[in-house]
Amino acid sequence: MEEFAELLDRLVLTPARNGKLTLLVDYFRDTPDPDRGLALAALTGDLDIANVKPAMIRALIAERMDEQLFAYSYDYVGDLAETISLVWSTDEPVRANAVPTLGDIVTSLALASRSDAVRLVEKWLDQLDASARYALLKLVTGGLRIGVSARLAKQALAQFGDVDVTEIEELWHGLKPPYEALFAWLESKADKPQSLATAPFRPVMLSTPLEEPDYTKISAEAYVAEWKWDGIRVQLTAEGGRRRIYSRTGDDISQAFPDIVDFMNFEGTLDGELLVARNTDAGVEIGAFGDLQQRLNRKTVSARQLESHPAFVRLYDLLLDGSDDVRGLPFVERRARLESFVKQLEPTRFDLSPLVPYDSFDDLVELRKNPPHPIIEGLMLKQRSSTYVPGRPKGPWFKWKRDPFIIDAVLVYAQRGHGKRSSYYSDYTFAVWTGPETEPHLVPVGKAYFGFTDDELKQLDAFVRNNTTERFGPVRSVRAEPEHGLVLEVAFEGLNRSKRHKSGVAMRFPRISRLRWDKPPIEADRLETLEALLRDSETAD
Amino acid sequence: MLKRPEALLCSTPAGLYSPAGDFHIDPVRAVDRALITHGHSDHARSGHRKVMATQQTLDIMGLRYAGNFAGETQAADLGKATEINGVTVSFYPAGHVLGSAQIVVEKDGMRIVASGDYKRRADPTCTGFEPVSCDVFITEATFALPVFRHPDSRDEIAKLLKSVEQFPERSHLVGAYALGKAQRVIRMLRDAGYDRTIYIHGALEKLCHYYKSQGIDLGPLSPATTETGSVQDFAGAVVIAPPSAFLDRWARRFPDPVSCFASGWMRIRQRARQQGIELPLILSDHCDWDELTGTITELGPSQVWVTHGREEALVRWCELNDYAARPLHLVGYEDEGD
C-alpha cells in the first residue's frame with residue numbers, strides 16, 4: 001500500500017507526461033502481482049470497490065480527537081481525506097509485517113458489508129503511514145482523481161513491456177483487474193493473452209498530415225478523396241449479440257450513445273465518424289462540434305438530449321464483414337463491401353461518407369478551400385490499394401486539414417508555467433475589442449500555451465515581466481492599451497458558443513501562430529469578427 | 001519570588017522585553033540591548049546598540065550584515081550565566097540551526113525559558129535541544145497543528161535519492177533556506193552515502209563555507225554556474241538553492257529540473273501543488289505537533305506562552321491537558337521561514 005501511496009503522491013505533482021510514464025513504468029517493474037494490477041485499475045477507474053461515505057470516516061475521527069483541534073486542522077488543510085490522514089494517530093507502533101497490501105485491502109473490502117468496511121478502514125488507518133492513509137481514504141471514498149488517463153496508463157504498459165500501444169488497446173477489453181496474464185506477457189514470462197472478449201476493440205488506422213513534398217504523390221488514379229468530418233472517430237462492433245462503440249483509443253463509450261447501439265443490428269465491425277444531428281423546423285441537419293459536445297463525456301444520456309441531439313455515424317470503412325476479417329483487402333474492395341453493407345442499416349443512424357470526385361490536385365486545392373459544410377475540417381486522401389493496418393503508417397492515408405482560422409488578439413494575462421517552464425510566464429490569455437468604437441474595451445476570448453518557439457517564449461516572458469500591471473499569485477496582468485501592448489496572432493480550429501466565458505465564445509485548439517510586435521493593439525480584431533464566424537459555422541448550406 | 005512573570009518578560013511591539021533587566025529578546029526593531037536566539041533574519045536584525053548571542057550566531061550575523069550590524073557584541077557561552085541589571089541570563093542549545101539557543105531568564109526564583117525556534121530531532125549540523133526546567137516556557141507554534149507530524153528525515157532524503165536515480169537526465173533543484181536547512185540537507189545527503197559534487201546557489205556560499213569552518217563536513221560543493229561548464233553538466237545533479245531562486249530566471253540553466261522543496265510545509269499537498277513543487281521533502285527545523293506537546297509535557301511548566309504560528313491550537317491543547325497557556329501575539333516573525 002505504501003508504494004501505491006508514493007506513486008499517487010508523485011503522479012499528482014508531476015506535470016510532465018514523460019515523468020508520469022517513468023513513474024508508472026518503474027512502479028509496474030518494482031511491484032508484485034496483484035498489487036500493480038489493482039493499482040492500475042484504481043488509476044484508470046476500473047476498480048470496483050465498496051464505497052465508504054465521507055461522513056462515516058468523519059465519525060471515526062470524532063471518536064478519537066478533540067472536535068476543536070480537528071476543526072482547526074480541517075480548516076487549515078481544506079481536504080477531508082488529507083486532514084484525517086495527517087491527524088490520525090495511534091498508540092500502536094507501526095509494524096512492518098502488519099501493513100496491509102493493496103491486494104489485502106481490495107480483497108477484504110470485496111467481502112465486507114458497509115458497516116464492516118468502516119471498521120476495516122479504521123484498522124488499516126492504524127497500520128498505515130500518513131501517505132498511505134491518504135491513498136486509502138481516497139480509494140474507499142471514491143475520490144481518486146489524479147490526472148492519469150486510461151490512454152496514459154496503456155502507454156505506460158506498452159513502454160514497460162516494450163510493445164506497441166495498439167497491442168494493449170486490442171487486448172484491453174478482454175482483461176480484468178489485476179491483469180496478471182497481461183503483466184506476465186509484458187515481462188516475457190508467458191504468451192500474449194488471447195482476447196477473450198466478444199466484440200473486442202480493433203486498433204484503428206490513422207492518417208498523417210499531407211505536407212508539401214508529398215503533394216506530387218496525390219493523383220486520382222492512386223488516391224480517393226473523402227471529406228474529413230469534424231466529429232469523433234468511432235469503431236462500431238457487433239458480434240453475436242454483443243454491441244460496442246469504441247473511441248479511437250479503445251475506450252468503450254457505448255453507454256453514452258444508446259440511440260446508436262439500439263440500431264446496431266448487424267454482424268461486423270465498422271469505422272466511421274460519430275456526429276450529431278439537430279432537429280429544427282426545417283428538418284434534420286448536421287450539428288456543429290458544439291452540438292456534439294452536448295453528448296460527449298457523459299456516462300448516461302437523458303431522453304431530452306436523445307431528442308434534441310440525436311447521434312448518427314457516417315461510415316467510411318469496414319473491418320469485419322460478418323465474421324469475415326477484410327482488413328487485409330485493398331481499400332477499394334473494402335469500400336465496395338461497405339457500400340452494400342450500409343444498405344441493410346437504419347438510414348437515420350448510419351450513412352456513407354461519400355467519395356469526393358476529382359481529376360487533378362488543383363481540384364483538391366479548391367475543394368479544401370471551399371468545403372460544402374461547416375462540419376468538414378478538410379480532406380482525407382486514401383490510397384486505393386491500402387490495407388487496413390493499425391497505427392499511423394505514413395503514405396496510405398493522408399489528412400489535409402483546411403487552414404486554421406486566424407485572429408489578432410491582445411495579450412492581457414500571463415500565467416507561470418509548470419515543470420520545465422516554471423520560471424517562464426508561458427500561458428497566455430488574450431482578448432479582443434468590444435463595446436463602442438469610440439470607447440472600446442478588451443474581453444478575453446481564450447488562452448494558449450503553445451505554438452511559439454523557445455526564442456519567442458523568452459521574448460514573451462521578457463515582455464510580460466517588463467509590462468506587468470498587477471500580480472495575482474502565479475498570474476500577472478499585462479499592459480494592454482490601444483497604443484501599448486502586444487498583439488498575438490492566434491490560430492484555432494473552430495468556435496463554440498460558451499456560457500462560461502464572458503465573451504460567449506470558446507475557441508477550439510487555439511495556439512499562438514505569430515507575435516505581432518509591429519501591430520498596435522487597437523488594430524487587433526473585434527468580438528464581432530468572432531461572432532460572425534460563429535454564425536457561419538452554425539449555418540449549414 | 002517574583003509574583004508576576006510579566007515583570008521579568010512581557011511582549012511589546014518591538015518583541016519580548018524584560019522590564020526588570022531592560023533588554024529585548026529577538027526584537028523586530030532596533031533597540032538598545034538585544035539578546036538574539038539564532039541567526040535567521042526575522043530574529044536577528046541589524047542596528048541594535050548592544051547584541052548578545054552565541055559566538056556562532058554573532059558570526060552568522062556578521063556574514064549576513066557585513067560586519068558592523070551592531071554597536072557592540074557580546075558572545076554568550078552555552079550554559080554559563082551572565083548578569084544583566086540584576087537579571088540572570090543564560091543560553092542553552094535549541095537544536096534549530098547552527099548557533100541557535102534558548103535564552104533562560106531568571107530573577108528571584110522565577111525562571112522563564114524563551115526557546116526561540118527549536119526542534120527535538122537529531123540534526124548533524126547543530127547541537128541538540130537541551131531541556132531546561134522552568135516556571136514559564138515560551139514556545140514557538142510554527143507547526144502547531146495536529147496535521148503536522150514530520151516523518152523520519154532520513155526517509156525524505158531517501159525519497160530524493162530515489163528520484164535522482166529515476167530521472168538521471170534531469171537535475172534536482174532543491175529549495176532550502178540558506179541558513180540551516182541547506183547545510184542540513186547537504187550533510188544528510190552525505191550521511192546517506194551521496195558523495196558526488198553538490199551544486200549550490202551563490203546565496204549559500206558564505207554560509208556553507210562558515211559551516212565547514214565550524215567542523216561540519218559538507219563534502220564537495222561547487223557553485224551552480226554555467227561559466228564552469230555546459231548545461232548538460234547539471235543532468236543528474238543535485239542543486240541546492242533558496243526557494244525564491246526557483247521562480248527566477250536563474251533556474252533556467254538546468255535541464256528539465258525536478259523542483260523539490262525541503263520544508264515542513266510540504267506536509268500539506270496543496271502547498272506543494274500551489275508552488276509547483278514536484279517532489280516535496282518534509283524536512284523541518286521546527287518541532288512538529290508531537291514534539292511541541294511532548295516538550296511541554298516533559299518540562300511541565302506552570303505556564304506556557306505561545307508565540308508565532310498557530311497559537312490557538314496549542315493553547316487549546318494546553319487547556320485540554322491542564323496547562324495554563326496564553327498566546328503572546330508577537331508580530332514580525334515570518335510564518336514561512338522553514
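The values are calculated or read from the model by the stated rules, or taken from the named source; none is laboratory data. Because the structure is a prediction, the values reported are computed rather than measured. A quick note on method: Cβ atoms are made from the backbone with ideal geometry, for glycine too, and the neighbour counts reach across all protein chains shown. With ligands, DNA and RNA removed, areas are computed over all heavy atoms of the protein, side chains included. Shrake-Rupley method; radii C 1.70, N 1.55, O 1.52, S 1.80 Å.
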I need the full set of residues from the stretch A:394-411 which are open to solvent by 40 Å² or more (accessible area, probe 1.4 Å) and within 24 Å of A:Phe331 (Cβ to Cβ), in order please.
A:Lys394, A:Lys399, A:Lys401, A:Arg402
Considering every residue within the stretch B:238-258, establish whether at least one is within 13 Å of chain A (Cβ to nearest Cβ), assigned to a strand (DSSP E or B), in contact (Cβ under 8 Å) with a residue 60 or more places away in the chain and farther than 18 Å from B:Val97 by Cβ.
yes
Which ones in the stretch B:74-87 are open to solvent by 80 Å² or more (accessible area, probe 1.4 Å) and free of Cβ contacts under 8 Å to residues at least 24 places away in the same chain?
B:Asp77, B:Lys80, B:Glu83
Scope the stretch A:303-325; condition surrounded by 15 or more Cβ atoms within 10 Å (Cβ to Cβ) and free of Cβ contacts under 8 Å to residues at least 40 places away in the same chain; matching residues
A:Gln305, A:Ser308, A:His309
So which of B:Arg64, B:Arg120 is at negative phi, touching a Lys or Arg at 6+ places or on another chain (Cβ under 9 Å) and basic (Lys, Arg)?
B:Arg64
Please give the number of the condition B:Ser171 fails out of (1) more than 12 Å from chain A (Cβ to nearest Cβ); (2) touching a residue at least 24 places away in the same chain (Cβ under 8 Å); (3) polar (S, T, N, Q).
(1)
Condition met for A:His373 (open to solvent by less than 50 Å² (accessible area, probe 1.4 Å), out of contact with any Lys or Arg (no Cβ under 8 Å at 6 or more places or on another chain) and modelled with pLDDT under 95)
yes
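Say whether the condition of being within 25 Å of A:Arg402 (Cβ to Cβ), assigned by TED's automatic domain parsing to the domain that holds A:Leu379, more than 19 Å from the chain's Cα centre (by Cα) and not in a strand (DSSP E or B) is met by at least one residue in the stretch A:296-318.
Scanning the stretch A:296-318 turns up at least one residue that is within 25 Å of A:Arg402 (Cβ to Cβ), assigned by TED's automatic domain parsing to the domain that holds A:Leu379, more than 19 Å from the chain's Cα centre (by Cα) and not in a strand (DSSP E or B).
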Can you spot a residue in the stretch A:412-426 that is hydroxyl-bearing (Ser, Thr, Tyr), without any contact (Cβ under 8 Å) to a residue 24 or more places away in the chain, open to solvent by less than 70 Å² (accessible area, probe 1.4 Å) and assigned to a strand (DSSP E or B)?
no
Sole miss for A:Thr198 among (1) open to solvent by less than 60 Å² (accessible area, probe 1.4 Å); (2) in contact with a Lys or Arg (Cβ under 6 Å, 6 or more places away or on another chain) is condition (1)
Pick from the stretch A:143-191 the residues that are acidic (Asp, Glu) and modelled with pLDDT of 90 or more: which of them is farthest from A:Val25 (Cα to Cα)?
A:Asp191
Taking the stretch A:46-77 as the search range and keeping residues that are open to solvent by 60 Å² or more (accessible area, probe 1.4 Å) and either among the aromatic types (Phe, Trp, Tyr) or under 29 Å from A:Tyr27 (Cβ atoms) (or both), which one is nearest to the chain's Cα centre (by Cα)?
A:Asp46
Among the residues of the stretch A:488-514, how many are surrounded by 21 or more Cβ atoms within 10 Å (Cβ to Cβ) and not in a strand (DSSP E or B)?
1
Condition (residue is more than 8 Å from every other protein chain (Cβ to nearest Cβ) and buried (at least 20 other Cβ atoms within 10 Å of the Cβ)) applied to the stretch B:266-273: is it met by at least one residue?
yes
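Is it true that A:Ala110 is open to solvent by 20 Å² or more (accessible area, probe 1.4 Å) and assigned to a helix (DSSP H, G or I)? First the steps, then the outcome.
Numbers: open to solvent by 20 Å² or more (accessible area, probe 1.4 Å): yes; assigned to a helix (DSSP H, G or I): yes.
Spelling it out, A:Ala110 is indeed open to solvent by 20 Å² or more (accessible area, probe 1.4 Å) and assigned to a helix (DSSP H, G or I).
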Tally the residues that are part of a loop (DSSP other than H, G, I, E, B) and either surrounded by 17 or more Cβ atoms within 10 Å (Cβ to Cβ) or acidic (Asp, Glu) (or both), restricting the search to the stretch A:465-478.
2
